[in-house]
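The values are calculated or read from the model by the stated rules, or taken from the named source; none is laboratory data. All values reported here derive from a predicted model rather than from experimental measurement. Reconstructed Cβ throughout: ideal geometry from the backbone, glycine too, with neighbour counts over all protein chains shown. In case anyone asks, the SASA skips ligands and DNA or RNA and just uses the protein heavy atoms, side chains included. Shrake-Rupley method; radii C 1.70, N 1.55, O 1.52, S 1.80 Å.
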Amino acid sequence: MVSFLALGGRCFYLQFCRNQHYSEACLGQRRSYRNLRPQRGVILDCRGRVLAASNKVQTIFAEPRVIQDAKATSSELAPIVDMGAHIICQLILESRNPGFTRIKTTTDYNQCSASTKIYGIGVQSDWQRHYPMGNLAANVVGFTSLDNRGLEGIELKYDKELSGSAARNIFFADVYRRPIRAKQQDGVLTNGKGIILTIDATIQQFTRDELFKQYENYEAESAVAIVAEPKTGAILAMVSLPDFDPADIRTTDPNNFRSRAITDWYEPGSILKPVAVAIALEAGVVNKTEKIFCENGNYYGKGLFGRIGEYRRGFGDLTVREILINSSNIGMAKIGQRLGKDRLHDGLKLFGFGRKTGIELPGEIDGLLRPAHTWDGYSVTRIPFGQEICVTSMQLLRAFCILANGGRLVRPFMVRAIVDNEGNITELKRPPPPVGYIVKPEVAKWVVAEAMASVVNEGTGKRAKLDKWQVFGKTGTANIALSDSRGYSDRDYVASFVAGAPAEDPAIVVLVSIHKPNRSLGKGYTGGAVSSPVAAKIIERTLTYLGVE
């Protein structure tokens, strides 16, 4: 009697208390699932050329749990997929997944069709990411993982938009989990949206070609070049070297993945001088005609700011224009003293230093602009010629775009539009700048069309001079601070040059920065020697391509 009561109780427990659990377990045994992956969105340049796209590929796979004789199956499959039978057999026998072992990814229809006739072998469709332009825009576009997740660049920043949404088909399955007939679809399959960049692949090619030649010629550690439209802030080209091939990331040094234009900071050196001059002219502490005594190359502050010298030779009285032409450190130090720490700090902050530009790429850093209350006499005399401040290349470019744009604030951007699955293009709207003018238009125009044009015509930027267009520019040769002690290296430099043209109405601004050119080669190491010829060639080829008169 007790046994019957116990059995009845057990039956009641299973039928009523555990009914839901065993119903779900039963359904799980009768169902099979097949994931449906969306096509990842395309990435295009500004003229519709493909930078990244996903193509359909077929994966030939084995199901080890249903294969009775791995050796026989491998021997039958080997001639079809053009692989060694021993390799296929090893893949099957050593698989950790009893339901799936990848044998080969292919687009060959005949291979796929013949493979499915072998018991235990199947074909699965999937998407594979392709980068038809290889290294060209790798640091901008980035790359994806094997399961199509963005890992770097635009692929990472816009992963949600590019990915779309997946779904899965639910099937009734036999005892071996093979689908018999469809039951339903879970979710809605939606392909990813496309991204249109401001990058022009042709200008990107010009920029990379010219930069790469100089990077190799000078055996540099790294190099960056950016081309932008100063009136809009659109980035037409951005190159970081060394770069990588997105199709071969497994063998690439991970340091090459980053976009150095936004992730690497450095003291800019003399390239910052035109910005400090614009701030001083705006504040009214100097004028265009007065002369400033530059101490014949030896300025000493008796403990207040130490000793300041010049790069090669000393100067006497110089106008502000001549200070920029000759790149006088002492002249800039005296301008900094007239400005004072608060006005200089606030002016640099308005130009965007010390904070991110907001460019649509992951990993951007703020740079370093210390609060004014931490400055001393050394700070106010060194920062005007580019020491005691750290910037990114993108921040420098933005500052000179502001000057080239008549003093109006510029926000650099790289993504122009998004394309939905219907092919509709949505131009991205950008909020208006919070400030109209950083400096007055007449100040900005004088700095660009007069002072910086004179640097190219008469001063340290002569190698950037072109016959067809009046180029404006400024060189920068910055010592790199020692990492293991105080002071600066006397062997390692950052050679930079910022330029644009035509000076009267700038169509483009170009920044070239080459880190640690090999000084022992005897070819030079300054911004004028190393970087200005690169900028000149990029400007010439780009303006010709754009049809600028």
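The single condition among (1) of a type in the set (D, E, K, R); (2) at pLDDT below 95; (3) over 28 Å from the mean Cα position of the chain (by Cα) that Glu360 does not satisfy is (3).
Do we have Arg398 as among the basic types (Lys, Arg), under 23 Å from Lys445 (Cα atoms), over 31 Å from the mean Cα position of the chain (by Cα) and open to solvent by 10 Å² or more (accessible area, probe 1.4 Å) here?
On the way: among the basic types (Lys, Arg): yes; under 23 Å from Lys445 (Cα atoms): yes; over 31 Å from the mean Cα position of the chain (by Cα): no; open to solvent by 10 Å² or more (accessible area, probe 1.4 Å): yes.
When the stated conditions are applied, Arg398 does not pass them.
Here is the figure for the range 295-326: residues that are farther than 17 Å from Pro274 by Cα and either in contact with a Pro (Cβ under 6 Å, 6 or more places away or on another chain) or open to solvent by less than 30 Å² (accessible area, probe 1.4 Å) (or both) total 8. The strands (runs of 3 or more DSSP E) falling completely within the range 466-516 that include 2 or more residues that are in contact (Cβ under 8 Å) with a residue 24 or more places away in the chain and surrounded by fewer than 21 Cβ atoms within 10 Å (Cβ to Cβ) map to 472-481, 488-501. Taking the criterion of being touching a Gly at 6+ places or on another chain (Cβ under 7 Å) and closer than 20 Å to Met238 by Cα, the residues of the range 346-373 that qualify are Phe353, Leu361, Asp366, Gly367.
Does the range 170-185 hold any residues that are under 43 Å from the mean Cα position of the chain (by Cα) and either modelled with pLDDT under 65 or surrounded by 19 or more Cβ atoms within 10 Å (Cβ to Cβ) (or both), and which are they? Please lay out each step first, then the result.
If we filter the range 170-185 for residues that are under 43 Å from the mean Cα position of the chain (by Cα), which is where we start, we get 170, 184-185.
Gln184, Gln185 - these are the residues of the range 170-185 that are under 43 Å from the mean Cα position of the chain (by Cα) and either modelled with pLDDT under 65 or surrounded by 19 or more Cβ atoms within 10 Å (Cβ to Cβ) (or both).
Consider the range 517-549 and keep the residues that are touching an Asp or Glu at 6+ places or on another chain (Cβ under 6 Å) and part of a helix (DSSP H, G or I). The one that is farthest from Trp469 (Cα to Cα) is Val534. The residues of the range 412-444 that are among the hydrophobic types (A, V, I, L, M, F, W, C), in a loop (DSSP other than H, G, I, E, B) and in contact with a Ser or Thr (Cβ under 8 Å, 6 or more places away or on another chain) amount to a single one, Met414.
Look at Thr460 and say whether it is β-branched (Val, Ile, Thr) and at pLDDT 95 or above.
Details: β-branched (Val, Ile, Thr): yes; at pLDDT 95 or above: no.
Spelling it out, it is not the case that Thr460 is β-branched (Val, Ile, Thr) and at pLDDT 95 or above.
Any residue in the range 494-517 that is more than 25 Å from the chain's Cα centre (by Cα), within 19 Å of Lys445 (Cα to Cα) and charged (D, E, K, R)? Spell out how you get there, then give the answer.
Within the range 494-517, the subset more than 25 Å from the chain's Cα centre (by Cα) is 502-505.
Pick out the ones that are also within 19 Å of Lys445 (Cα to Cα) and you get 502-505.
If we keep only those that are charged (D, E, K, R) too, we end up with 504-505.
Taking every residue of the range 494-517 in turn, at least one turns out to be more than 25 Å from the chain's Cα centre (by Cα), within 19 Å of Lys445 (Cα to Cα) and charged (D, E, K, R).
Residues that are assigned to a strand (DSSP E or B) and either among the small types (Gly, Ala, Ser) or more than 26 Å from Ile87 (Cβ to Cβ) (or both) were ranked within the range 98-155; the one that is most open to solvent (accessible area, probe 1.4 Å) is Ser125.
Take the range 59-72 and flag every residue that is assigned to a helix (DSSP H, G or I) and open to solvent by 20 Å² or more (accessible area, probe 1.4 Å). Give the steps one after another, and end with the answer.
As a first pass, look at the range 59-72 and keep what is assigned to a helix (DSSP H, G or I): 64-66, 70-72.
Correct list: Pro64, Arg65, Lys71, Ala72.
When Thr73, Thr144, Thr106 are checked against the criterion of being farther than 30 Å from Val42 by Cβ and either out of contact with any Ser or Thr (no Cβ under 7 Å at 6 or more places or on another chain) or of a type in the set (Ser, Thr, Tyr) (or both), a single residue qualifies: Thr73. Pairs are defined by a Cβ separation below 9 Å, a sequence spacing of at least 6 or placement on different chains, a first member in the range 38-58 that is touching a residue at least 24 places away in the same chain (Cβ under 8 Å) and open to solvent by 60 Å² or more (accessible area, probe 1.4 Å), and a second member that is hydrophobic (A, V, I, L, M, F, W, C) and not in a strand (DSSP E or B); the pairs so defined are Arg47/Ala201; Arg49/Met133; Arg49/Ala201. Ile425 passes every criterion in (1) at pLDDT below 95; (2) buried (at least 22 other Cβ atoms within 10 Å of the Cβ); (3) under 24 Å from the mean Cα position of the chain (by Cα) apart from (2).
Among the conditions (1) within 22 Å of the chain's Cα centre (by Cα); (2) modelled with pLDDT under 95; (3) closer than 18 Å to Pro246 by Cα, Trp127 misses just one, which is (1). For the range 264-281, residues that are assigned to a helix (DSSP H, G or I), touching a strand residue (DSSP E or B) at 6+ places or on another chain (Cβ under 9 Å) and open to solvent by 10 Å² or more (accessible area, probe 1.4 Å) total 1.
Test Ala451 against the criterion of being surrounded by 13 or more Cβ atoms within 10 Å (Cβ to Cβ), part of a helix (DSSP H, G or I) and touching a residue at least 12 places away in the same chain (Cβ under 8 Å), and give yes or no. When the stated conditions are applied, Ala451 passes them.
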